[in-house]
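The values are calculated or read from the model by the stated rules, or taken from the named source; none is laboratory data. The model shown is predicted, which means the values in this text are computed figures rather than measured ones. Glycine also receives a Cβ, built like all others from the backbone with ideal geometry; neighbour counts cover every protein chain displayed.
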């Protein structure tokens, strides 16, 4: 297993950590047996057929030959799932299209820049929406589709990939009518749990990412019974125990800016899964050492309503050797070594202040380990949500602001 969990600085008594172990095991078993709706994601990595993966790869190659830029249009997991992995892999490989993102805000200023890209560069569109009716995504798709039609005429439809519900919905109907190439999002998988569907796999394949290794990482951790029996549930149990101890905020901390969007993805996954019925942990994200210069004071001496979850990558392909200075001599001249020492120092200082710290480590930031990490987080969100007594697969609260927006627009 290339993912490890360290609870040495948790500051919770063992009996409190183990209090819900039996329940957590039963929840895990129920999830694996898909005993309730919207749990298709549990077995999704292993369910992907060779035919499906090969079709994604073949279509990605075809799109690569057509464009310099692929605009990925989606919101929530349909946007962040792709964006966080692409960023962690540090963008497209040489010779592959660049990804840009639309459909995740209402900013005319932002979308106008994407329209200019369509006008000035060879472009294809990938719209990801189960229904096709999500407002931000629908608006952006219609605007960019028009720009594509003006530029390419009746050939524009060959530059559009629609990833949507396999049978129903506005986008599915349009795709059939217009002849877009399509991939399905299984109807029993919600957006924030869609990391191993075509909605994320296809755009990643266009960047040259090895989606087979990404899927394999998730598949391996999903079926590793020994891991889940011994340590896989510890993170969920720790989160539940800390909530019961009065900690209401979880701060996800990363020591490399290329992992920043994984923090955003975690905020949606945990916030939308757990934040209901007055329950849940509030997820926040920080990038160190940058945010130590703004939030370090609060973390050290502020109101301790929080605990810290640090995500560390053990090995990086790239590093910088420092010029000959005293600090270089003390750190073997490696900037990555200084980053590691900084993390150790933060753990020591915050732990002395009584802050509970969970350390999650992966071997590297390549596709296999990233697949393991995202699947691990999804399973943890589901198990912790169940331990909290809520449904981690719905999001009734988001309809509130949507209804208010539609009312003001006069949409029935």
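Yes or no, residue by residue, for (1) part of a helix (DSSP H, G or I); (2) under 23 Å from residue 103 (Cβ atoms); (3) touching a strand residue (DSSP E or B) at 6+ places or on another chain (Cβ under 6 Å):
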residue	(1), (2), (3)
166	no, yes, yes
173	yes, yes, no
201	yes, yes, no
215	yes, no, no
218	yes, no, no
235	yes, no, yes
239	yes, no, no
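The set of residues from segment 102-153 being in a loop (DSSP other than H, G, I, E, B) and touching a residue at least 24 places away in the same chain (Cβ under 8 Å) comprises 103, 104, 105, 106, 121, 122, 129, 130, 131, 132, 133, 134. Would you call residue 48 within 26 Å of residue 160 (Cβ to Cβ), surrounded by 15 or more Cβ atoms within 10 Å (Cβ to Cβ) and either within 23 Å of the chain's Cα centre (by Cα) or not assigned by TED's automatic domain parsing to the domain that holds residue 229 (or both)? Considered against the rule, which asks whether it is within 26 Å of residue 160 (Cβ to Cβ), surrounded by 15 or more Cβ atoms within 10 Å (Cβ to Cβ) and either within 23 Å of the chain's Cα centre (by Cα) or not assigned by TED's automatic domain parsing to the domain that holds residue 229 (or both), residue 48 comes out as yes. Here is the figure for segment 175-199: residues that are over 17 Å from residue 53 (Cα atoms) and either out of contact with any strand residue (DSSP E or B) (no Cβ under 6 Å at 6 or more places or on another chain) or at pLDDT below 95 (or both) total 11.
In segment 92-100 there is at least one residue that is in the same structural domain as residue 147 (by TED's automatic domain parsing), under 25 Å from residue 363 (Cα atoms), touching a helix residue (DSSP H, G or I) at 6+ places or on another chain (Cβ under 9 Å) and surrounded by fewer than 22 Cβ atoms within 10 Å (Cβ to Cβ). Here the helices (runs of 4 or more DSSP H) wholly within segment 248-334 that include at least 2 residues being buried (at least 16 other Cβ atoms within 10 Å of the Cβ) are 260-274, 292-301.
Here residue 345 qualifies as more than 27 Å from the chain's Cα centre (by Cα), modelled with pLDDT of 95 or more and part of a helix (DSSP H, G or I). In this structure, does residue 351 turn out to be surrounded by fewer than 21 Cβ atoms within 10 Å (Cβ to Cβ), at pLDDT 95 or above and part of a helix (DSSP H, G or I)? Taking the combined requirement at face value, the residue satisfies it.
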